[in-house]
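Okay, structure first, notes after.
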Amino acid sequence: MSLETLLPLIAWGGYLACLLYLAILTLIFASLIGRAVRENRERVREASAEDFSIVRRSPFTIPVSVIAPAYNEEVCVSACVHSLLALDYPEYEVIVVNDGSTDGTLRRLIEDFELQPDAPLYRRVLDTSEVHQIYRSRLDPRLTVIDKVNGGKADALNAGANFARFRYLCCVDSDTVYNADAMLKGMRLVMPDPSRIVGVTSHVTLHSRPEHVVRDEQGRMRVDRNVLVAYQLLDYLRAFVWARAAWSRSNYMLCSVGAFAIWRRDVLLELGGFSSKFTCEDIEFTFRVHEHFRRLGKPYRVQALAEPVGVTEGPTSIRALVSQRARWQRVINETVWHYRRMLCNRRYGTVGFLGMPYYLFAEVLAPVFQALALLLIPIAAYAGVLRPVECLQMLVVVALGSAAFTCAAVLLQDRYRRTFAVGDLAYLLVLAPLDLFVYRPFIVWAQCKGTIDFLLGDRRWNKFERNPRTVLTERLATK
Amino acid sequence: MTSLVASVLYVVAFVWLKLMLWIAADRYWYERRISRLSVLKQRLHRTSPGDLSALRAIVSQLTVAQLDAVILEGLPPAMEIAVATAMQERSSKLLHDARGAGSVWQRISAVRVLSAARAERRYEFLDKMLRSGTPVLGAASIRILAKIDTRQSADLLIKALREGVYSRSRIAAAIDMMSVPRADMLGTLFDAAEADVLFWAAKLAGRLNAREWTSRIRQLATEADPRVRRAAVEALGSLGDATDLALLVSRMSDRLPFVRAHAARACVRFADAETIETLVALLADRHWMVRAAARDTLARIGTPALPAVKQALWHSDRFAADSAAEILHRTGGAADAARQILEDAGGARRQSPMLARFLAVAAPNLRAAFLGQLSVREQRTLMGHLEPASGAAE
């Protein structure tokens, strides 16, 4: 067979495969949106029926231990801890674990919270790297800081769990500033049925400098005008407002985000704590919880709040964004590969038949089809299969299709929470159709890189460089 | 092919545009609704609760759901009753919805308006909602009953707690937050046979300072169910007196650690020398939770406990000795001893076997925490004045 006849065949075959993939993905997304609409509506109405004033004052409200691992977070750790200590919740403790930071994280904490060395009794139930010193705050007795040898985020969380006094653990990130009602909203899902609800997660919104978020007169956070951050915000909305809300409804919420995940401590201890064998601990632990309970046939639920509970730092440089997203892709691949036995396995119910196939199809295989589509363009052009007008039309179809899903997420968010000011809403809607050309190429590149890293066995965290804070921007933010 | 792609393009563009318009229209109607509601609320606040015709005119422009939202945001009590009554007169649909004929949300709004209007059948509707088995109806009912805050609403909540029709901790929280006298109504809970109910009976009695149930709580302290024993000793901690010490001390040897821990914490108000000895013995308990509770209680007792705690520095159990050191650190006993030595440093050489032992048995972090309070020079002076740790007890 000559090259002239082979190339058009390859181009047509690849073209049809990509189209089929796109069509199936569109159907999956559309069905998820359908479920997410009901989930969002019910959650918001449930919250309106709940009496938060009783919950926030009652001594019978379930107490929580908040664990915040920190590694080189000098810039924002203080803002994060301040926001945690300001949570509107009756009984909780905050345990910050300084995981061998090489910058001034510990010094900043000691200065800002007047820490003094302490020696509380604790159980070393989970094995962790060595703890140097424990500090308690003179300003707020609820704050404990553990200074330990670097062992990774999972190790730091396990060290915090060893110190935790309460039955529920809330694992948070120390680069995130939390809303005062974050814990109330999260624990509201646990309270009606603590025996069955073993985990709750939520999501966070993004800003280039979370410690200096600007809010309007109605308390709504103003969207960061940095284009890269705004696109990431849209990405988060799509992921959380409809995808995870829908997963939660069918009890296959497979990713409790590291930025805010509540777990029952007995479940964490029973499963041996967070694992350091994976690049990130959050997705893997969620998979492990599902695997455990479904294997044993015990009733359980992992739920997701569809509303943001805080603001985290989004990368403002392409390099940092690619590094972060490549890591996320790598950890998805690692986890799906590790738990491949659950795929289409009857024992694992919706996790096996909906969650795992979704991850495999929409996450693991995405870079493969994206790379294939890009590769096909020159082949199809050379073989004469592709005509410029059709190519342009297809690009516009994909761009508008993607924008339609983004609009659906924005609509859900705005209809049920009214998070955005009118100007911000317009800004996000204008950006949405340009996603394919301005933002998506970097994400495709990151996903491909993450997949290659996974195949090469890379396990590094690749923490992104914190966004620069100049004296001038600090002053402007203060004003 | 071109026409197929073009057709798909038209469809996708249409969906995208429709969603954009939907978002814009939805936001526009929302802002309009909010501003209209705000105007009506301002008019409500300017109107006197006695001006029924003016109230009726305002209420006629509101839906039940909108009035519900206004009530939720808060109105002065007299105005709330007047407005809700005006709505009740206007809408026969309220009773229809309150019976559950409409959606769950219509039912909640209707019952809330009827409750605000002090309608006769409000308790009947609320009780049905509470027992409906639908979580959101249960949560709304608890919220309304707690807000009504009458003995009748407390009675409904207490009965619901006994029957376990909704999360017991949530119902108990609502009962706890009410202000109407309700301690005498806890008998419904104390008569129950179910351990879960007895647990909440004791917890609530402790919180409500219901001394009339003290003798029943004493009985519960020896119940078969450990959770009930735990709640009972906890309640005795706030309701009991020195005559309960024997009972609390007996619970300190309970077979379950969390009962022992709560018994240890409960006697902080009236601990005598004998109890302090028992608490010191618990510093070497086989369970960490009990040791921590004993340590915290001894630290809270403070000065009266210090002689026994100092003796415990020589305890053969290293955890007990370390806990004793921690209590001395937390209560300032160790710092006081150090200060005495430092103040006397210029004079005769002063020994403190207690402090020497403290530094010997304290875990490295505790030792660092203690010495961290002193300057390097003071640390040197202090260490120079201390005999090795083998000194006899003070």
(request) Could you state the angle between the C-alpha long axis of helix A:3-49 and the longest principal axis of the C-alpha atoms of chain A, as a value from 0 to 90 degrees rounded to the nearest 10? (result) 40 degrees
(message) Quick check: the angle from helix A:227-237's long axis to the longest principal axis of chain A, C-alpha only, nearest 10 degrees?
(response) 80 degrees
(request) Please report the orientation-averaged projected area of the range B:30-158, defined via the convex hull of its C-alpha atoms, in nm². (result) 7.8 nm²
(request) May I ask you to give the solvent-accessible area per residue for chain B, in square angstrom, as obtained with a 1.4 angstrom probe? (result) 46 Å²
(request) Mind listing, in residue-number order, the residues in the range A:173-215 that have at least 20 Å² less accessible area with every protein chain present than in their own chain alone (1.4 Å probe)? (result) A:Met191, A:Pro192
(request) Restricting things to alpha carbons, tell me how big the range B:1-49 is in terms of Rg and Dmax, in Å. (result) 21.2, 72
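Taking every pair of distinct Cα atoms and averaging 1/r, then inverting, what Kirkwood hydrodynamic radius in Å comes out for the range B:171-262? Intermediate values should be presented prior to the final figure.
Numbers: mean 1/r = 0.0768 Å⁻¹.
With all distinct Cα pairs of the range B:171-262 included, I get 13.0 Å.
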(request) With a bin width of 10 angstrom, please list the P(r) values of the range B:255-315 as percents of all Cα-Cα pairs, from the 0 bin to the one holding the largest distance. (result) 26, 59, 15
(message) Given points 7 Å out from each Cα along the Cα-Cβ axis, report the A:Gln116 to B:Asp241 separation in nanometres with one decimal.
(response) 3.8 nm
(message) Once you order the gyration tensor axes a ≥ b ≥ c over the Cα atoms, which shape class does the range A:304-352 get: rounded for a/c under 1.5, otherwise prolate or oblate by comparing a/b with b/c?
(response) oblate
(message) Restricting to DSSP H runs of at least four residues, report the calculated mean residue ellipticity at 222 nm for chain B, -39500 (n - 2.57) per run over all residues, nearest 500 deg cm²/dmol.
(response) -22000 deg cm²/dmol
(request) Would you calculate a helix-derived [θ] at 222 nm for chain A, using -39,500 (n - 2.57) for each DSSP H run of n ≥ 4 and dividing by the full residue count, to the nearest 500? (result) -15500 deg cm²/dmol
(request) Starting from the coordinates of the alpha-carbon atoms of the range A:61-358, obtain the Kirkwood hydrodynamic radius over all distinct pairs and give the value in Å to one decimal. (result) 19.5 Å
(request) Summarise the partner chain shielding of A:421-433 as one whole number: the mean count of Cβ atoms from other chains within 10 Å of each residue's Cβ. (result) 2
(message) Just to verify a number: FRET efficiency for A:Ser53 and A:Ser250, C-beta to C-beta distance, R0 = 25 Å, to 0.05?
(response) 0.15
(message) Could you compute Rg(Cα) / (2.2 N^0.38 Å) for chain B, with N its residue count?
(response) 1.53
(request) Take every Cα pair under 8 Å in chain B that's 6+ residues apart, average their separations, divide by the length, and report that relative contact order as a whole percent. (result) 6 percent
(request) With label points built 7 Å along Cα→Cβ from the Cα atoms of B:Arg118 and A:Arg107, find their separation and express it in nm. (result) 6.7 nm
(request) With a 1.4 Å probe and every protein chain left in place, tell me how much accessible area A:Met221 has, in Å² to the nearest 10. (result) 20 Å²
(request) Measure off, as a whole percent, the carbon and sulfur share of the 1.4 Å-probe accessible area of the protein assembly as shown, all protein chains present. (result) 58 percent
(request) Rounded to the nearest 100 Å², what's the accessible area chains A and B bury against each other, both chains counted, probe 1.4 Å? (result) 4400 Å²
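Please give the length that would be gained between A:Leu139 and A:Glu91 if that part of the chain were fully extended, namely 0.36 nm times their separation in residues minus their C-alpha to C-alpha distance (nm, one decimal). Numbers along the way, then the final one.
Details: separation 48, 0.36 × 48 = 17.28 nm, distance 1.67 nm.
Full-extension gain reported as 15.6 nm.
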(message) Just to confirm, what accessible area per residue do you get for the range A:384-461 at 1.4 Å probe, in whole Å²?
(response) 43 Å²
(request) Using label points projected 7 Å from each Cα along Cα→Cβ, tell me how many nm separate B:Ser253 and A:Leu372, to one decimal. (result) 7.5 nm
(message) Please compute the Kirkwood hydrodynamic radius of the range A:1-138 from all pairs of different C-alpha atoms, in Å with one decimal.
(response) 20.9 Å
(message) I want the antiparallel fraction of DSSP beta bridges within the range A:61-358, as a percent rounded to 5.
(response) 45 percent
(request) Please name the residues of the range A:392-419 whose accessible area, counted over protein heavy atoms with a 1.4 angstrom probe, falls by no less than 50 Å² between the chain alone and the full protein assembly. (result) A:Gln393, A:Val397, A:Leu400, A:Cys407, A:Leu411, A:Arg418
(request) Please work out the Cα center distance from the range B:34-48 to the range A:265-307, rounded to the nearest Å. (result) 50 Å
(message) Less than 11 Å from a label point 7 Å out along the Cα-to-Cβ axis of B:Thr303: which backbone N atoms in the range B:239-260 qualify, by residue?
(response) none
(request) Pop the C-beta distance of B:Ser7 and B:Gln42 into the FRET formula with R0 = 51 Å and round what comes out to the nearest 0.05. (result) 0.45
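Volume per residue, Å³, of the convex hull around the alpha-carbon atoms of the range A:64-165? Write out the running numbers ahead of the final one.
On the way: hull volume 8.9 nm³, N = 102.
Convex hull volume per residue, Cα atoms: 87 Å³.
Determine the shape class of the protein assembly as shown: with a ≥ b ≥ c the square roots of the Cα gyration tensor eigenvalues, call it rounded for a/c under 1.5, and otherwise prolate if a/b is greater than b/c, oblate otherwise.
oblate
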(request) Please report how far the C-alpha centroid of the range A:168-208 lies from that of the range A:310-370, rounded to the nearest whole angstrom. (result) 22 Å
(request) Might you work out the accessible area of B:Ser132 for me, using a 1.4 Å probe with all protein chains in place, and round it to the nearest 10 Å²? (result) 50 Å²
(request) For chain A, calculate the relative contact order in percent as a whole number, restricting contacts to Cα pairs under 8 Å that are 6 or more residues apart. (result) 19 percent
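Tell me the per residue accessible area of the range A:144-183 using a 1.4 Å probe; a whole number in Å² is fine. Write out the running numbers ahead of the final one.
On the way: 880 Å² over 40 residues.
Result: 22 Å² of accessible area for each residue.
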(request) Please list the radius of gyration and Dmax for the range A:163-231, considering alpha-carbon atoms only, with Å as the unit. (result) 15.4, 44
(message) I'd like the orientation of helix A:318-338 relative to chain A: the angle between its Cα long axis and the longest Cα principal axis, in ° from 0 to 90, rounded to 10.
(response) 90 degrees
(request) Only bridges with both residues in the protein assembly as shown count here: give the DSSP antiparallel percent, nearest 5. (result) 45 percent
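The values are calculated or read from the model by the stated rules, or taken from the named source; none is laboratory data. Note that the structure is a prediction, hence the values are computed from the model and not measured. We place every Cβ from the backbone using ideal geometry, glycine too, and count neighbours over all the protein chains shown. Just the protein is used for accessible areas: all its heavy atoms, side chains included, with ligands, DNA and RNA removed. Shrake-Rupley method; radii C 1.70, N 1.55, O 1.52, S 1.80 Å.
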